[in-house]
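A short write-up of the structure that comes next.
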Amino acid sequence: MTKATQSSLPLPLCPARAAVRLAGRLPAVLASALSRWCPVNADGEHLAPEAWLASMSTAVMPGGDMSGATIPAARRNLEINSALVAEKTPELSVVEDLLLDGPDGPIGATRYRAETSSIGLVVFFHGGGFALGSRATHDAYARRLALDTGADVLSVEYRLAPEHPFPAAVDDALAAWRFAVDAAPRWGLDPRRIVVAGDSAGGNLAAVVSQHVRGEDITPVLQLLIYPLTDLDRNGGSRDEFAVGYFLTAERIDWFTDHYVPAGIDHTDPRLSPLYAADLAGQPRAHVVVAGFDPLRDEGLDYAAALERAGVPTTLQREGGLIHGFVNMVATGPTPRRAVSRMHQAVVDALG
């Protein structure tokens, strides 16, 4: 773990982390018993026991819902909660911090490699509503991504709002993509074997990058969009059904939007809401992942359907028993672990 990816857990919470990891190894018979009490959504999907426990924990834990009295406090709360449920992974061959040339100064990034060789590169953008999140909050996930796929992972720390509102994150994401294309040969990698990926707000950025670079000489071989935000103008449906109680809340979505989007900007600008792009054709192959108990579920489904209608080869992975943020909850149980393994297989298939 590098200085940039290190996230310390307050000493009083260390026993709680041990309890989370212990709960993640619950016997199947006990998990099955718990499942009888788990909520069921309008589509008939049952919330997984570990996702239910995570939902209840984030609802009662101070700052567990990504809130905070100040922006720095909210960012620290997310780091603490990410560390609380972070998976303990084996050592990797390479973990190095980098500085990329950005449009308004250096952009921090960390490159991960599991073994001495690699099958390609994944450029990863973390979630956090464009205002929170960092390489540290997603360090465990980036390591898991590298371990499962055998690819290098470049985790990008783009500028955050409100200090740097839209379109700063988009500009940094595009700069990171271009850096990766140039840097790949120096790392012994083929620049034509690069995946662009992200979760939540990062999924939004991965989608926007994929739209912007289509038609260029080098484009991603896959866009991995993990419960992506694709429609900032969205109301109703899953936004209402899961407005409270499942980690990401309607109140937090509004808070993130208010901090990221300057007044007077059209929320249907495709750089904000990629679902509103006039033409989606010609993009890289897509693998879209949605969670069954997530306010962003419906717009993820709609984006996958829109890509398919536009002729983009698209696969949809619907994890009906999970909640928003599950890639950071692998330590909580087998359901998120299996979901993460499935989506990483899509990366292996694309790079293979």
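Summary of values
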| read-out | value |
| --- | --- |
| Answer residue from the stretch 162-189, given it is part of a loop (DSSP other than H, G, I, E, B) and within 30 Å of TRP255 (Cβ to Cβ) and is most open to solvent (accessible area, probe 1.4 Å) among those | GLU163 |
| Selection from the stretch 118-128 of residues that are in a loop (DSSP other than H, G, I, E, B) and hydrophobic (A, V, I, L, M, F, W, C) | ILE119 |
| Filter result for VAL340 (under 24 Å from LEU232 (Cα atoms) and not basic (Lys, Arg)) | no |
| Options ARG186, ARG159, ARG192, ARG178: the member that is within 19 Å of ALA114 (Cα to Cα), modelled with pLDDT of 95 or more and of a type in the set (Lys, Arg) | ARG186 |
| Test set (1) part of a helix (DSSP H, G or I); (2) modelled with pLDDT of 75 or more - ALA33 fails condition number | (2) |
| Some residue of the stretch 129-140 being assigned to a loop (DSSP other than H, G, I, E, B), touching a helix residue (DSSP H, G or I) at 6+ places or on another chain (Cβ under 9 Å) and under 26 Å from ASP279 (Cα atoms) | yes |
| Among (1) more than 30 Å from PRO191 (Cα to Cα); (2) out of contact with any strand residue (DSSP E or B) (no Cβ under 7 Å at 6 or more places or on another chain), the one test that ARG297 misses | (2) |
| Filter result for the condition that a residue is among the β-branched types (Val, Ile, Thr), under 21 Å from the mean Cα position of the chain (by Cα) and open to solvent by less than 30 Å² (accessible area, probe 1.4 Å), over VAL95, VAL123 | VAL123 |
| Failed item, numbered, when SER155 is tested on (1) closer than 20 Å to SER341 by Cβ; (2) touching a Pro at 6+ places or on another chain (Cβ under 7 Å) | (2) |
| Qualifying position, being among the aromatic types (Phe, Trp, Tyr) and closer than 20 Å to ILE323 by Cα, among PHE256, PHE179 | PHE256 |
| Residue in the stretch 127-146 that is free of Cβ contacts under 8 Å to residues at least 40 places away in the same chain and open to solvent by 30 Å² or more (accessible area, probe 1.4 Å) present | no |
| Matching residues in the stretch 36-77 - criterion: being open to solvent by 40 Å² or more (accessible area, probe 1.4 Å), in contact with a helix residue (DSSP H, G or I) (Cβ under 9 Å, 6 or more places away or on another chain) and in a helix (DSSP H, G or I) | TRP52, LEU53, SER57 |
| Only listed residue being open to solvent by 20 Å² or more (accessible area, probe 1.4 Å) and within 30 Å of VAL94 (Cα to Cα), chosen from ARG214, ARG192 | ARG192 |
| Close pairs (8 angstrom Cβ cut-off, 6 or more residues apart or separate chains): more than 11 Å from GLY333 (Cα to Cα) in the stretch 39-61, surrounded by 18 or more Cβ atoms within 10 Å (Cβ to Cβ) and β-branched (Val, Ile, Thr) anywhere | LEU47/ILE323; SER55/ILE323 |
| Single unsatisfied condition, ASP231 versus (1) more than 21 Å from SER118 (Cα to Cα); (2) within 17 Å of the chain's Cα centre (by Cα); (3) surrounded by 24 or more Cβ atoms within 10 Å (Cβ to Cβ) | (3) |
| Counted residues, the stretch 98-117 - those being surrounded by fewer than 23 Cβ atoms within 10 Å (Cβ to Cβ) and assigned to a loop (DSSP other than H, G, I, E, B) | 4 |
| Flag if ALA291 is over 16 Å from the mean Cα position of the chain (by Cα) and of a type outside the set (Ser, Thr, Tyr) | no |
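Here is a yes/no grid of residues against (1) in contact with a strand residue (DSSP E or B) (Cβ under 9 Å, 6 or more places away or on another chain); (2) of a type in the set (Lys, Arg); (3) farther than 30 Å from ILE71 by Cα:
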site	(1), (2), (3)
GLY127	yes, no, no
PHE130	no, no, no
SER134	yes, no, no
LEU145	yes, no, no
LEU154	yes, no, no
ASP171	yes, no, no
ALA183	yes, no, yes
ASN204	yes, no, no
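The values are calculated or read from the model by the stated rules, or taken from the named source; none is laboratory data. Nothing here was measured: the structure is a model prediction, and the numbers come from that model. Reconstructed Cβ throughout: ideal geometry from the backbone, glycine too, with neighbour counts over all protein chains shown. We work out accessible area using only protein heavy atoms, side chains counted, and drop any ligands, DNA or RNA first. Shrake-Rupley method; radii C 1.70, N 1.55, O 1.52, S 1.80 Å.
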